[in-house]
Ligand SMILES: *Cc1c(COP(=O)(O)O)cnc(C)c1O
């Protein structure tokens, strides 16, 4: 299994534009806090249709600063943040950074997002913010969550390009919304993230805290609050600008690959009960991030992964439920059975190779191998 897989799980699209953009920054001599930072932020925010963007060193850093900016800070009393147990661990970790409590509610079996009604059932007098996740690029019901009047921070790490049923892009409601740019996301800067917002005060606070608490008009060594180093370099911002230039093409290619997969898997769905992600409904539009299937009930998902690997197909369990990590069980007392839909999705979820530029032949190969493993054909 040390051999390179025939078909990798993910692969970024990097071309001459990215190479030239990075080279230009290297030759400029200004590798951080240069002109690419503001340019990337402005272009990204314009794409979402909100006034502000703050580029940061990772999506996780963006969540941390966005939560702080809406008031989730260490301090007295119980502070709860309602969120999803079916997400990447960074979502809930960002709540723990400020010693607040992530309150999980189970996800909807179709969308795998926490619904607005489920959120409502978990809101208490201790709730200080909502942290919905647009998992696997499917838009969560943000409009329905606004009725509580609580701050909302959106985890859109997997959802750049997704559109709500009301026609606004994810992030377009103006709440602080985090996007992530690790190499497998819809666009990449190597490592990096962005928080968009309609609120200039939130933008100012995040810009200060990512840069050691410095106010924009201050000298380099003046600091007016506790801050972090969560800056994004100009090298990464240049990559981001180049990636934005090809984002529509990459999103269209992902959607095409997903359509090929759906078509090629239709027979296997009927024969075995393997499940696909839900189709778009009510005008909402998924931005394709991963192609996840759920193996049929009773099938050993991890054995399926091993057998696919023997055939040169790289797949991954995707994704584990956060509340069942040992560290969360011990610290917050979670146990199996509390969020059965999330647990079932976590136990049966399998991420197939999926990236822009994947060919229809490669899709057919993956589907043929999956068919062989699941049915013996
Ligand atoms: C990728 C991801 C993050 C974290 O982003 P990083 O840039 O890796 O820190 C957070 N939430 C979700 C749902 C993600 O997929």
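The values are calculated or read from the model by the stated rules, or taken from the named source; none is laboratory data. Given the structure is predicted, the values throughout are model-derived calculations rather than measurements. Heads up, the Cβs are rebuilt from the backbone with ideal geometry, glycines too, and the neighbour counts pull from every protein chain shown.
Does residue 26 qualify as being farther than 24 Å from residue 178 by Cα, outside any strand (DSSP E or B) and in the same structural domain as residue 210 (by TED's automatic domain parsing)?
yes
For the criterion of being part of a loop (DSSP other than H, G, I, E, B), in contact (Cβ under 8 Å) with a residue 12 or more places away in the chain and out of contact with any helix residue (DSSP H, G or I) (no Cβ under 7 Å at 6 or more places or on another chain), residue 357 fails.
Exactly one residue out of 105, 95, 82 is within 19 Å of the chain's Cα centre (by Cα) and either farther than 23 Å from residue 180 by Cα or surrounded by fewer than 21 Cβ atoms within 10 Å (Cβ to Cβ) (or both), and it is 105.
Among the residues of the stretch 313-326, not a single one is surrounded by fewer than 17 Cβ atoms within 10 Å (Cβ to Cβ), touching a helix residue (DSSP H, G or I) at 6+ places or on another chain (Cβ under 8 Å) and assigned to a helix (DSSP H, G or I).
Within the stretch 191-205, the residues that satisfy the criterion of being more than 10 Å from the ligand (Cβ to nearest atom) and surrounded by fewer than 24 Cβ atoms within 10 Å (Cβ to Cβ) are 198, 199, 200, 201, 203, 204, 205. Tally up the residues in the stretch 1-19 that are part of a helix (DSSP H, G or I) and free of Cβ contacts under 8 Å to residues at least 12 places away in the same chain, please. Within the stretch 1-19, residues that are part of a helix (DSSP H, G or I) and free of Cβ contacts under 8 Å to residues at least 12 places away in the same chain number 2. So, of the residues in the stretch 206-219 that are farther than 15 Å from residue 56 by Cα and out of contact with any helix residue (DSSP H, G or I) (no Cβ under 8 Å at 6 or more places or on another chain), which turns out to be surrounded by the fewest Cβ atoms within 10 Å (Cβ to Cβ)? The residue in question is 217. How about the stretch 169-187: which of its residues are within 15 Å of the ligand (Cβ to nearest atom) and either part of a loop (DSSP other than H, G, I, E, B) or more than 19 Å from residue 240 (Cα to Cα) (or both)? Those that are within 15 Å of the ligand (Cβ to nearest atom) and either part of a loop (DSSP other than H, G, I, E, B) or more than 19 Å from residue 240 (Cα to Cα) (or both): 170, 171, 176, 181, 183, 184, 185, 186, 187.
Here is a list: 66, 61. Which entry is under 14 Å from residue 98 (Cα atoms), at pLDDT 95 or above, in contact with a helix residue (DSSP H, G or I) (Cβ under 8 Å, 6 or more places away or on another chain) and not in a loop (DSSP other than H, G, I, E, B)?
Values: 61 fails: in contact with a helix residue (DSSP H, G or I) (Cβ under 8 Å, 6 or more places away or on another chain).
Sole residue among the options that is under 14 Å from residue 98 (Cα atoms), at pLDDT 95 or above, in contact with a helix residue (DSSP H, G or I) (Cβ under 8 Å, 6 or more places away or on another chain) and not in a loop (DSSP other than H, G, I, E, B): 66.
Any idea which of (1) away from the ligand (no atom under 16 Å from the Cβ); (2) within 21 Å of the chain's Cα centre (by Cα); (3) not assigned by TED's automatic domain parsing to the domain that holds residue 62 is the one residue 241 doesn't satisfy? Exception for residue 241: condition (3). Of all residues in the stretch 188-230, those that are assigned to a strand (DSSP E or B) and either on the phi > 0 side of the Ramachandran plot or more than 28 Å from the chain's Cα centre (by Cα) (or both) total 1. Residues that are surrounded by 14 or more Cβ atoms within 10 Å (Cβ to Cβ) and under 27 Å from the mean Cα position of the chain (by Cα) within the stretch 8-30 comprise 8, 9, 10, 11, 12, 13, 14, 17, 18, 21, 22, listed in sequence order. So, residue 4, is that one surrounded by fewer than 20 Cβ atoms within 10 Å (Cβ to Cβ), out of contact with any strand residue (DSSP E or B) (no Cβ under 8 Å at 6 or more places or on another chain) and in the same structural domain as residue 94 (by TED's automatic domain parsing) or not? No. Among the residues of the stretch 33-42, those identified as surrounded by fewer than 15 Cβ atoms within 10 Å (Cβ to Cβ) and under 25 Å from the mean Cα position of the chain (by Cα) are 38, 42.
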